[in-house]
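Structure first, then comments.
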Amino acid sequence: MGAELVLSEKRDGWRLLTLNRPDRLNSFTEEQHRQLRDALADCEADKDCRVIVLTGAGRGFCAGQDLADRDPSLTTERPDLGRTIETWYNPLVRRLRAMPKPVICAVNGVAAGAGANIAFACDIVLAAKSAKFIQAFSKIGLIPDAGGTYWLTRHLGEARAKALAMTAEPLPAETAAQWGLIWKAVDDEALMAEAKKLAAQLADGSATALALTKRAIHAASTNSLEAQLDAERDTQREAGQSDDYREGVSAFLEKRPAKYR
Ligand code: T3D
């Protein structure tokens, strides 16, 4: 059996996925991509998994593409990076966004290149205070990928997006939180406890509400207000027909905690 480059651990109602190439700061090889793809597909299919937590082993979260796999001294051919993005990075970002359950990213250390942008593709990002986000691409002659130009521009505006991308200046976790790029920066030693607490809280909540909320918020980034009001009407109609809504309201009226199935 090959190395376990992505660890998948079942918890009570949620799954912990850990990128596991710590000696290379969990940078992506094709095999790590393959294992993450399969682990996410497993989580999606598993009815007992209502929340996913993604983190990295060792001192970093992820340093993006494994550059040893791109060593120019090993070939005279110019690589087709569009192909690797189409094969691996874009499907990963699309899978995280389309996942009908919350994905929490616990950024335990440096997140560079596509590693940073994969974190931003998750739904709730917690980061250790010592973590940094680096748009490392310009240093090796590339542009931000894995959604980088989208996340930075949407969340921060052009001025900060361009400066972060062009200078590759590390963005400390606390500044990322102050700027609204991530949810929270927490003390390093508290990171995993916070991520687990949040996962357990969401896993106890209404899976229907969380999935529909995710879908509606994603739609808001491209909709006009008119279109979004219509989308909210339609989505609320769907939510209102669910068992979760019946249970939520009954629990409120009966003054007891809701028990979602
Ligand atoms: O190619 C395509 O398919 C297109 C898609 C591209 C997506 C991308 O992500 S492109 C961007 C790729 N990533 C980078 O350019 C980041 C490269 N890494 C760094 O700049 C630094 O390692 C960090 C700033 C992330 C961390 O610095 P530091 O000083 O904390 O750690 P370090 O000593 O540089 O790294 C520790 C080890 O990990 C080191 O190996 P060693 O010396 O102990 O044997 C280093 O070489 C290795 N490492 C770090 N990042 C990568 C890596 N090895 C391969 N690929 C990496 N990306």
Legend entry - Conditions (1) in contact with a Ser or Thr (Cβ under 9 Å, 6 or more places away or on another chain); (2) assigned by TED's automatic domain parsing to the domain that holds V107; (3) assigned to a helix (DSSP H, G or I): number failed by L164: (1)
Inset, instruction - Would you please list the contacts, defined by Cβ atoms under 6 Å and residues six or more apart or on different chains, that run from a residue in the stretch 43-59 that is in contact (Cβ under 8 Å) with a residue 12 or more places away in the chain to a residue that is among the polar types (S, T, N, Q) and in a loop (DSSP other than H, G, I, E, B)? - result: T55/N108; G56/N26; G56/N108; A57/N20
Legend entry - Complete set of residues in the stretch 208-237 that are of a type outside the set (G, A, S), surrounded by 15 or more Cβ atoms within 10 Å (Cβ to Cβ) and under 15 Å from C122 (Cα atoms): L210, T213, K214, R215
Inset, instruction - All but one of (1) small (G, A, S); (2) outside any helix (DSSP H, G or I); (3) free of Cβ contacts under 8 Å to residues at least 40 places away in the same chain; (4) within 13 Å of the ligand (Cβ to nearest atom) hold for A146, so report the exception by its number. - result: (3)
Inset, instruction - Note down all Cβ pairs under 6 Å where the first residue falls in the stretch 206-235 and is outside the structural domain of W151 (by TED's automatic domain parsing), the second is among the hydroxyl-bearing types (S, T, Y) and in a helix (DSSP H, G or I), and they're at least six residues apart or on different chains. - result: L212/T235; A216/T235
Legend entry - Qualifying residues in the stretch 1-40 (those that are assigned to a helix (DSSP H, G or I) and touching a residue at least 40 places away in the same chain (Cβ under 8 Å)) - the one farthest from G113 (Cα to Cα): L40
Inset, instruction - Restrict the check to the stretch 177-185 and report whether at least one residue is out of contact with any Lys or Arg (no Cβ under 7 Å at 6 or more places or on another chain), surrounded by fewer than 23 Cβ atoms within 10 Å (Cβ to Cβ) and assigned to a helix (DSSP H, G or I). - result: yes
Legend entry - Residue identified as over 19 Å from R83 (Cα atoms) and within 9 Å of the ligand (Cβ to nearest atom) among A131, A119, A159, A136: A136
Inset, instruction - Please list, ordered by first then second residue, the pairs with beta carbon atoms under 6 Å, 6 or more apart or interchain, first in the stretch 165-186 and at pLDDT 95 or above, second among the aromatic types (F, W, Y). - result: L171/F133; A176/F133
Inset, instruction - Could you tell me which residue of the stretch 217-261 is nearest to the chain's Cα centre (by Cα), considering only residues that are closer than 30 Å to R154 by Cα and of a type in the set (S, T, Y)? - result: S221
Legend entry - Residue check, N26 within 11 Å of the ligand (Cβ to nearest atom) and surrounded by 14 or more Cβ atoms within 10 Å (Cβ to Cβ): yes
Legend entry - When residues of the stretch 79-110 are limited to those that are part of a loop (DSSP other than H, G, I, E, B) and within 12 Å of the ligand (Cβ to nearest atom), the one surrounded by the fewest Cβ atoms within 10 Å (Cβ to Cβ): D80
Inset, instruction - Tell me which residues, restricted to the stretch 66-78, are outside any helix (DSSP H, G or I) and under 20 Å from Q35 (Cβ atoms). - result: D66
Legend entry - Only one of D71, D66 that is acidic (D, E) and without any contact (Cβ under 8 Å) to a residue 12 or more places away in the chain: D71
Inset, instruction - Return the residue satisfying two criteria in turn: it lies in the stretch 124-148 and is crowded, with 21+ Cβ neighbours inside 10 Å and out of contact with any helix residue (DSSP H, G or I) (no Cβ under 6 Å at 6 or more places or on another chain), and of such residues it is nearest to N90 (Cα to Cα). - result: F137
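The values are calculated or read from the model by the stated rules, or taken from the named source; none is laboratory data. Since the structure is predicted, the reported quantities are computational estimates derived from the model, not experimental observations. Virtual Cβ from ideal backbone geometry, glycine too; neighbours counted across all protein chains shown.
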